[in-house]
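J.: I'd like to ask some things about the structure below.
Taken together, the values in this text are just the output of simple stated rules run on the coordinates, not laboratory data. Just so it is clear, the structure is predicted and the values come from calculations on it, not from any experiment. Virtual Cβ from ideal backbone geometry, glycine too; neighbours counted across all protein chains shown.
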Amino acid sequence: MPFGEIVCGAPGSGKSTYCHGKHQLFTALQRPIYIVNLDPANDNIPYPCSIDISELITLQEVMDEHGLGPNGGMLYCMEYLEKNFDWLEGRLAELGKEDSELGDVYVLFDLPGQVELSTNHESVKRIVDMLRSKCEFRLAAVHLCDAHYVTDAAKYISVLLLSLRTMLQLELPHINVLSKIDLLGNYGDLDFNLDFYTEVQDLSYLENSLSTSLSPRFQALNMAIISLIEDYSLVGFETLAVEDKSSMLHLTHAIDRATGYVFIPRPSNSSPSANSNSNTNPKAASNPSKNPQPEGTIDESHKPLSAQPNEYGLFSSAVGPLKNALGNLASGGGSTGTRFAGVKDVYDVRDVQERWLDAKDAWDAYEKREWRKEGEMLRDEVARMKVTPTEGQTSIGGSAG
């Protein structure tokens, strides 16, 4: 069964950057991933693109041929893709054949930034429905919102409305994300702690902020909108710093829980020929283990990973708690004095606030020291390998004395 994410959000929210970062993360984890660009106006794609809608239609062609503007042309492109869904279905089927030995396909669908496509227009919704019904994808919507909107009460309310409308429109397991959380400190202090915004707590506390930024005649409307959001009680946010590994892993864990995806690494007795890796091959697998399969056990390595017994249950992404990378770092001797150093099995929004807002400089300095230590360890390891081996040891490409 194929799995995937519908990556949506306003222009500049970081959709393409997120897809690129996730491709890099999954490549490092040797976890297969494909990315499908569904933005016909995106001619500067930063990530390896397996399927590109520009092969079918481009926004510039539509504007030139039909005399439409950018917004109207984008709607036309999505309607055209809907009518020609067989093209996308066929290309996705090819990915499934290529990835058959690794089991389930995992695909990111990078949508255009026009918010009306995921809030009002029906074509994207119908495309998503066909991905689920015809292609049998298990999907989750990942809705990215720039974190700087939480610094202004009116913008924060608008983001809540946009997120709520997208959730109701797409009707998918939904993960709202405050992206670029690592840049939030550049916009000054927040009126409340970060968990107030991520957990969408009592919004009536925003009344004073809204009254100062908007005319008093909108007070009743503001409270009605707040009441609407609280009545649905659906919106909440994860946080994302795309260059931070622990942040990306936590978000991946949340998405995997929403879709039910369980990642099973390549079994330990994989053949070296199956482990070839390249930047353009998402089927890269882990190196074969030094430990052979125990004698007397059944070898099922020829089956797809989804049909093999899970030898790596402790590492399954959708099962069990995600380790708190911040707490682990701090308990390893960091000097930041974090209050959450002893908490290792959660990733709390309070940790995020401490990392990126309250003690960002201290954490940055600590990470630089750790990176320097890691580099020195690698350098020393390479130096040791170059030393002529003593008697009884084996050199690279040589044999024991």
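J.: To the nearest 0.05, how large is the calculated FRET efficiency for residue 161 and residue 187 if R₀ is 25 Å and r is the Cβ-Cβ distance?
T.: Plugging the Cβ-Cβ distance into 1/(1 + (r/R0)^6) gives 0.75.
J.: On to the next question. Could you compute the net charge surrounding residue 137? Neighbours are other residues with a C-beta less than 12 Å from the C-beta of residue 137; K and R count +1, D and E count -1.
T.: -2
J.: Follow-up question, since we're still on this one. Subtract the Cα-Cα distance of residue 387 and residue 56 from 0.36 nm times their separation in residues, and report this length gain in nm to one decimal.
T.: Full extension from residue 387 to residue 56 adds 113.5 nm.
J.: How far is it, in nm, from the label point at residue 1 to the one at residue 68 when both lie 7 Å from their Cα along the line to the Cβ?
T.: Placing both labels 7 Å beyond Cα along the Cβ direction yields 3.5 nm.
J.: State, as an integer percentage, the relative contact order of segment 86-232 based on alpha-carbon contacts under 8 Å between residues 6 or more apart.
T.: RCO, segment 86-232: 21 percent.
J.: First measure r as the distance between the Cβ atoms of residue 371 and residue 230, then evaluate 1/(1 + (r/R0)^6) with R0 = 56 Å and state the FRET efficiency to the nearest 0.05.
T.: Computed FRET efficiency for residue 371 and residue 230 comes out at 0.80.
J.: Here is the link list: 22/303; 97/134; 15/125. Which ones come out longer than 25 Å on Cα distance?
T.: Among 22/303; 97/134; 15/125, the Cα-Cα distance tops 25 Å for 22/303.
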